[in-house]
Amino acid sequence: LSTIEIDVSSVEPGMSLTAKWRGRPIFVRNRTPEEVQAAQAVELQELKDPVARNANLVGEQPATDVARSAGEGRENWIVMIGVCTHLGCVPLGEAGDFGGWFCPCHGSHYDTAGRIRKGPAPENLAIPTFEFTSDTIVRIG
Ligand code: FES
């Protein structure tokens with residue numbers, strides 16, 4: 001399917017789900033206010049990949065936390081393609097040194113905004129084209 005709709009009504013803060021889109025996993029995570037605050041406090045100079053990698057933004061935007069999220073008012077939501085940017089393994093959620101995702105293949109650590117923070121992966125996890133069509137439905141693609 002070129003487009004899917006995901007019902008996120010049961011995804012409470014601190015929870016996540018994985019859907020499948022075009023043969024690849026899609027991670028949807030509802031971050032806690034503490035996680036959002038911590039991710040927003042990260043300076044851009046600390047990032048290995050300073051580019052947002054968000055297909056919903058025009059051009060190359062900096063990888064601020066809000067630019068990696070579903071946007072203002074929905075900063076708690078993270079929607080990403082769950083494919084490690086190193087060699088394509090599927091990272092594990094709520095794992096790694098930064099509380100985001102950890103790729104066990106060669107040890108890449110991503111933060112709660114899916115930004116690469118440590119390990120061999122060169123880029124932040126990619127954000128697909130998506131839209132919240134209501135408070136509980138996300139359309140991918
Ligand atoms: Fe993820 Fe190598 S494929 S670290």
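The values are calculated or read from the model by the stated rules, or taken from the named source; none is laboratory data. All values derive from a computational prediction rather than experimental measurement. Quick reminder, even Gly has a Cβ in these numbers, built from the backbone with ideal geometry, and neighbours come from all protein chains shown. Accessible surface areas use protein heavy atoms only, side chains included; no ligands, DNA or RNA. Shrake-Rupley method; radii C 1.70, N 1.55, O 1.52, S 1.80 Å.
Of note:
- The residues of the range 37-61 that are touching a helix residue (DSSP H, G or I) at 6+ places or on another chain (Cβ under 7 Å), farther than 22 Å from Asp97 by Cα and either assigned to a helix (DSSP H, G or I) or open to solvent by 60 Å² or more (accessible area, probe 1.4 Å) (or both), listed by number, are Leu57, Gln61.
- Flag for Ala121 being at pLDDT 95 or above, in a loop (DSSP other than H, G, I, E, B) and closer than 16 Å to Arg31 by Cα: no
- Among residues of the range 1-36, those that are closer than 20 Å to Ala126 by Cβ, under 14 Å from the mean Cα position of the chain (by Cα) and assigned to a loop (DSSP other than H, G, I, E, B), counted: 1
- Of all residues in the range 117-136, those satisfying the criterion of being over 13 Å from Arg68 (Cβ atoms) and more than 9 Å from the ligand (Cβ to nearest atom) are Lys118, Pro122, Thr129, Glu131, Phe132, Thr133, Ser134, Asp135, Thr136.
- Single residue of Arg68, Arg139, Arg74 found to be in contact with a strand residue (DSSP E or B) (Cβ under 8 Å, 6 or more places away or on another chain), open to solvent by 50 Å² or more (accessible area, probe 1.4 Å), closer than 25 Å to Glu43 by Cα and more than 16 Å from the ligand (Cβ to nearest atom): Arg74
- If the condition is being more than 9 Å from the ligand (Cβ to nearest atom), open to solvent by 40 Å² or more (accessible area, probe 1.4 Å) and outside any strand (DSSP E or B), then the range 88-116 contributes Glu94, Asp97, Phe98.
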